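So the structure is just underneath, and the comments pick up after that.
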Amino acid sequence: MEERARSCLLRSKDTLEQDIKASYLMDHMISDGVLTTDEEDRVLSKPTRREQAAALLEVLLRKDNRAYISFYNALVRESYGDLANLLHNDLPQLSPEGEKSFSNGVSSLVQLILSEGGVPQRPMVFVNRPALLNQVREKLYQLQKVVGWVTVFGMAGSGKSVLAAEAVRDHSLIKECFPDGVHWLSVGQCERAELLVRMQSLCFRLEQNQTVDSPPRPPNSIEEAKERLRFLMLRKFPRALLILDDVWDSSSLRAFDIQCRVLLTTRNRSLTDSVSGQKESVPVESGLDEEKALEILALYVNAQLHSLPEQAHCIVKECKGSPLVVSLIGALLREFPDRWGYYLRQLQRKQFQRIRKSSSYDYEALDQAMDASLQVLNDEHRELYKDLSVLEKDVKVPAKVLSVLWDLELEEVEDVLQEFVNKSLLFRDCNQRPYMYFLHDLQLDFLTEQNRSQLAELHGKVVRQYQQAYAKGPPTSADVEGLYWYRFLPHHMARAGLSKELYSLMFSLDWVKNKAQIMGSAHLINDYVEHGAILDQENSEVRLQFQEFLSLNGHQLEQRPFPDLVQLALSQPHCSEVYRQALLQAKERASRGQLYLDWVNKSDVESLSRLVLHPHQNSLYYSCFSRDGSKIASCGASKTLRVFKSNSGEKLQEIPAHDDEVLCCAFSPDDRHIATCSSDRKVKVWNVEKGTLLRVLEDEHEEQINHCQFTNTNRRVLLATCSNDTFMNAKLWNLNKRGSQNTMFGHLQPVNHCCFSPDDTYIATSSNDGSMKLFEVQSANEYKSFDISSLFSENDNNDDDKTGVIVKCSTWSSDGSRIFCAAKNTVFVTSEDMLLEIRTSRMSTVQYCHACPNSQLIALALSHYTVELWDFEANKKMAECSGHLSWIPCVQFSPNGSLLLSCSDDQTIRLWETERVHTSSAVALKRDFDVDFSQDGITVVAADSKNRLQVRSGLAGTPVFESEKQKSRIRCTCICRQASAVALGMEDGAVQVTHALFLDCHMRCASSEGGVWRWRTEECLILAGHKEPVRKFHLLGSSSSSPALLSWSFDGTAKVWDLSCGKKLQDLECHKGAVLSGDVSTDGSLFSTASADKTAKVWSCASWEMVFSLKGHKACVRSCRFSWDGKRLATGDDNGEIRLWSMQNGHLLKICSCERKDSMDSFHGGWVTDLHFSPDNKVLVSTGGYIKWWSVDRGEALQTFYTTGANLKRIHVSPDFRTFVTIDNIGILYVLKQVEGVQI
């Protein structure tokens, strides 16, 4: 150290020892590298503050010039300006070597200028924020030629001061813009007297280098100080920069309105409105990104980023990366490195006073820093700000909501909010219109803790104000105001303890309808889950009834136009409160002419699905549970990844993941990451919580990537992928490395699936080459190969199947002792000493299989739209899950085995309760059925899934007869009304007639195509002539002595037969394609045909000539029906479109169609298969994927009944058009009765 610098320290030793606090100064000196932590410990070991100061000076006197300058800068930074002035004149010059090491690249000139100007040194732990830094410097460069203001603003602890000091550590900036110096003044919250002292100090600093005999006297008033500063800045330092740190009010700022260049840090962005000159501003984000915040913690505790504990991530997350909080906690951890969990708990419990300063921040604890911001508000605004305690984290609120809460005009509210924003007490999202407002997590935590005893009262105020504002009814619009109330009103009621109000709201079908229409069902389900404990105190059964209704119908509520919720609710059990409210509303609306249908036999139907979701607007390819079972991820043709809660379906993330179809997704073992793979030949890894992209793995697979899966344990996390590549089609990736870690060679055709064994020792791959292989994970060497194709006999192979045996997928038993693989209609079970087969229907193929993690069940996803559960120990099918409307590419058990997930091309995901499905004994009916409507009631006959004849009676569909299992498959049934008998058509060509008492089968006679039977005498009349199967037939002129029969066929013809002799009377070449449907008008004068050639035709029964050719359909015309008066013909096609035609001139009258296609790419959920007019010809009923009723005059839908299954073949209608009977594709019988009060 230079002698004059040493002498200065010795002269000032007594003064320094008396005033300084060594612990504050040493933080800066350690940051500069001139003091070691050991030296700090020796100083702090002294018992008193003065002895510590003396020890620090002793250490200093043994060091070099760098230590002197660092000590001087620390005094300036810690506001010991008078003590720094004692050392100023003897500041030493640094050598080039010392300059380089001391200033970290900042030139000696800059370092000297900053030191003389009192600019604080970098903090001991510093992390660069280059984007913000560049913004500030760009604004400062604009002051090169003009005077003006640059404002750096942000909330408490956002790092404004550090950013301002760092911005001027730039040689070019100072040389070009501020060669006359940079002068730092900490203003803070101060009275006029304190402000004058600060201004006097600045004047003294600027006048020090003046060559005058005696220094001028200090100014006696703020006005005098302002004028002296104006003179000094204009005459002596015209190109200097004045930095005003932490300015709180405009009166303080006006004292520095002296026409100079000013950089200002503040929490109030509007301060410069009170001064003149050019103005620029830079907002400082309230938090650092995770990596920067973790870097600060790592520097404090002297550790590597990757070695930080999990609590470090949680701390950053909890405080949203606040630089102040991270720095405070980091400094505390430096002294107590084992207290990660302790300080995290203090943050989570909002114990801000426990997070106390350990260095030079202006406030003793974090809560004081937060409270300081509130003290600048007037009393009225402070009370309004208190109301914000009820907000939720990360929730943005429009001004209209606060207008309701505060009972103020919207304009008044916006003015108040503007003040809060200006003072950095609130944040505004300007990217939305209207503007949205929100609190930083720390601000909200502070408010919540400060007003903890009043929170219930504050939430109650929100509810009261809402009830007052919406006394006439809830909001009906989906604007941001309405969204807020629908989302958070139940929350406010629960937090206010208003349980009765919560019951009334949540157990209301009107609330369910309004919220579902605006927000969808997932938020509603989540409300019932979140507030279940409170609701159950009133009635747990009712809560479960509402929750189940939404869980099973939520996918319907995603449709637009929004379905009739009352009609959906009428499908609930009769004992349900949902049904009771729906029936009351239906009756009331029916009296006004609306149409509603009551499913009167639903009591015998048990729903096995727990939750039905509709996450994507396109086919689903894969879906999986998170490792803890709380989340589900799905992906598919929409190119997106979606993550949602498994208990409610509430969306957590929706990510546009790839440029092509996303084929698979997989959670990491800790559920923090999720991988996706795609047809675009890329694998991407995402942060689940933030939805941000972490890694892209590309350039190694040259074809589409079919599957990806993480290891099961955290011991060594790897990701496996497989693709359609010829050779390098299975790879292992370590996410910490740039490329793949290993490639598993062996398959010479595409690999469809890969999965790790439970202990991650092996990985199984399934391929198009007909084999399944096991590879050792550690070495990637092939361990074992199974030739699955050799396990099929020649009889198992379809001659038309040229692709060979494709192994679709594989799965492991929970203990790893067995591995299962699926090919064709079989699942093979392999272990060390045995091979078993699970064979499903020969008409279906296994698309996917998954073993239950805690039982001997395995789930199979089949191509005929069902999921089967098998006991692999007993090789026995235990259950069948029906409900999907298309192929099921994936099925998976939850981690604890209690739930089963299936996803389908019908765009839905279904969750099943494993135990309920496993124990269900439901028997499905087939869709080839007949119904007899009589005065005594309804009789339904149908075959069931066990190939037995079932007879159901009455509106309740009560089973009254069940035959023995038939040897040949029952293909059709028919009731003879006159003789009370039932005829069965068998697959082997036989016809069986059963007596009405259903006690025995009293006759059996052989039959063939085109046969007409006099079944009492067993006489058969063969009608030969059609070249392809007969589609259907219709009796003509049954009252005549010689009745005729009209038949139509897939060969495109219609033929008329004389039933007395079997002679062919007419042979009509109707269409170029198959005739799919036909009908005869009530008066017998016309008949119609509908064809696969997309046309329908009308024929005269007198001349047998074509009357009209009806063109316009864009798909196969599958159904047709005359109105009872013969004036109209309705036709329905495979696009779900229905057309009404005039039978007077053949012109098109109406097109009955929905606004847009549904999930099955149809206007009717599938093909329109059946049509019926009401007796008064005003209403038309149609079947397709569901049932619809239409106004014939307007062509508009009157009502829709959504069946559980789909693909309805026909509907039977009672003569009074008030009862409707059908069976869906999963075998559920529907007896629908029109709700009383409607006249059709």
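What to note about this one:
- Among the residues making up segment 482-494, those that are buried (at least 19 other Cβ atoms within 10 Å of the Cβ) and over 15 Å from Gln547 (Cβ atoms) are Gly482, Tyr484, Trp485, Tyr486, Phe488, Leu489, His492, Met493, Ala494.
- The single condition among (1) open to solvent by 30 Å² or more (accessible area, probe 1.4 Å); (2) more than 50 Å from the chain's Cα centre (by Cα); (3) charged (D, E, K, R); (4) over 25 Å from Glu1196 (Cβ atoms) that Asp1093 does not meet is (2).
- Of all residues in segment 880-894 being outside any loop (DSSP other than H, G, I, E, B) and open to solvent by 10 Å² or more (accessible area, probe 1.4 Å), the one that is modelled with the highest pLDDT: Gln892
- Residues (at negative phi, open to solvent by 10 Å² or more (accessible area, probe 1.4 Å), of a type outside the set (D, E, K, R) and assigned to a loop (DSSP other than H, G, I, E, B)) located in segment 842-879: Met843, Thr845, Pro853, Asn854, Ser855, Gln856, Ser863, His864, Phe872, Ala874
- The residues in segment 1071-1104 that are charged (D, E, K, R) and in a loop (DSSP other than H, G, I, E, B) can be counted, and the count is 4.
- Restricted to strands (runs of 3 or more DSSP E) entirely inside segment 909-1006, those with at least 2 residues that are crowded, with 16+ Cβ neighbours inside 10 Å and at pLDDT 80 or above are 909-913, 925-934, 937-944, 949-953, 970-976, 981-986.
- Hits in segment 261-275 (condition: open to solvent by 10 Å² or more (accessible area, probe 1.4 Å) and under 19 Å from Lys236 (Cβ atoms)): Arg261
- Test: residue in segment 392-413 that is open to solvent by less than 20 Å² (accessible area, probe 1.4 Å), modelled with pLDDT of 75 or more and over 23 Å from His492 (Cβ atoms): no
- Within segment 235-269, the set of residues being over 18 Å from Ser281 (Cα atoms), of a type outside the set (Lys, Arg) and either without any contact (Cβ under 8 Å) to a residue 60 or more places away in the chain or assigned to a loop (DSSP other than H, G, I, E, B) (or both) comprises Phe237, Pro238, Ala240, Ser251, Ala255, Ile258.
- Residues satisfying the stated conditions in segment 1196-1231, i.e. among the hydrophobic types (A, V, I, L, M, F, W, C) and open to solvent by 50 Å² or more (accessible area, probe 1.4 Å): Ala1197, Leu1198
- Residue satisfying condition, being closer than 28 Å to Ala165 by Cα and either free of Cβ contacts under 8 Å to residues at least 12 places away in the same chain or not in a helix (DSSP H, G or I) (or both), within set Ser31, Ser79, Ser23: Ser79
- The set of residues in segment 739-755 being in a strand (DSSP E or B) and either in contact with a Cys (Cβ under 9 Å, 6 or more places away or on another chain) or under 13 Å from Val807 (Cα atoms) (or both) consists of Val751, Asn752, His753, Cys754, Cys755.
- Considering (1) in contact with a Cys (Cβ under 9 Å, 6 or more places away or on another chain); (2) open to solvent by less than 40 Å² (accessible area, probe 1.4 Å); (3) not polar (S, T, N, Q), the lone condition that Ile174 does not fulfil carries the number (1).
- Complete set of residues in segment 400-441 that are assigned to a helix (DSSP H, G or I), hydrophobic (A, V, I, L, M, F, W, C) and in contact (Cβ under 8 Å) with a residue 60 or more places away in the chain: Val401, Val404, Leu405, Val421
- Here Ser286, Ser201 are screened, and the one residue that is in contact with a strand residue (DSSP E or B) (Cβ under 8 Å, 6 or more places away or on another chain), part of a loop (DSSP other than H, G, I, E, B) and either of a type in the set (S, T, N, Q) or under 18 Å from Ser79 (Cβ atoms) (or both) is Ser286.
- In segment 762-786, of all residues being free of Cβ contacts under 8 Å to residues at least 40 places away in the same chain and assigned to a loop (DSSP other than H, G, I, E, B), the one that is nearest to Ile806 (Cα to Cα) corresponds to Asn768.
To keep it simple, each residue is scored yes or no on (1) at pLDDT 95 or above; (2) touching a helix residue (DSSP H, G or I) at 6+ places or on another chain (Cβ under 8 Å); (3) among the aromatic types (Phe, Trp, Tyr); (4) surrounded by fewer than 23 Cβ atoms within 10 Å (Cβ to Cβ).
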position: Cys1120; (1), (2), (3), (4): yes, no, no, no
position: Asp1158; (1), (2), (3), (4): no, no, no, yes
position: Phe1163; (1), (2), (3), (4): no, no, yes, no
position: Ser1182; (1), (2), (3), (4): yes, no, no, no
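- Scanning segment 177-193 for residues that are over 18 Å from Thr265 (Cα atoms), surrounded by fewer than 19 Cβ atoms within 10 Å (Cβ to Cβ) and in contact with a strand residue (DSSP E or B) (Cβ under 8 Å, 6 or more places away or on another chain) returns no hits.
- Residue, nearest to Ser623 (Cα to Cα), within segment 895-907, restricted to residues that are part of a strand (DSSP E or B) and either small (Gly, Ala, Ser) or open to solvent by 10 Å² or more (accessible area, probe 1.4 Å) (or both): Ser902
- Any hit, segment 1042-1052, residues being closer than 28 Å to Asp1083 by Cα, among the polar types (S, T, N, Q) and modelled with pLDDT of 85 or more: yes
- If you check Tyr68, Tyr72, Tyr80 for being surrounded by fewer than 21 Cβ atoms within 10 Å (Cβ to Cβ) and within 19 Å of Arg205 (Cβ to Cβ), only one passes: Tyr80.
- Single unsatisfied condition, Glu449 versus (1) open to solvent by 40 Å² or more (accessible area, probe 1.4 Å); (2) assigned to a helix (DSSP H, G or I); (3) within 25 Å of Met506 (Cβ to Cβ): (3)
The values are calculated or read from the model by the stated rules, or taken from the named source; none is laboratory data. The structure presented is a predicted model; accordingly, all values stated were derived computationally and were not measured. All Cβ positions, even for glycine, are placed from backbone atoms using ideal geometry, and neighbour counts span all protein chains on display. Note: areas computed on protein heavy atoms with side chains; ligands, DNA, RNA excluded. Shrake-Rupley method; radii C 1.70, N 1.55, O 1.52, S 1.80 Å.
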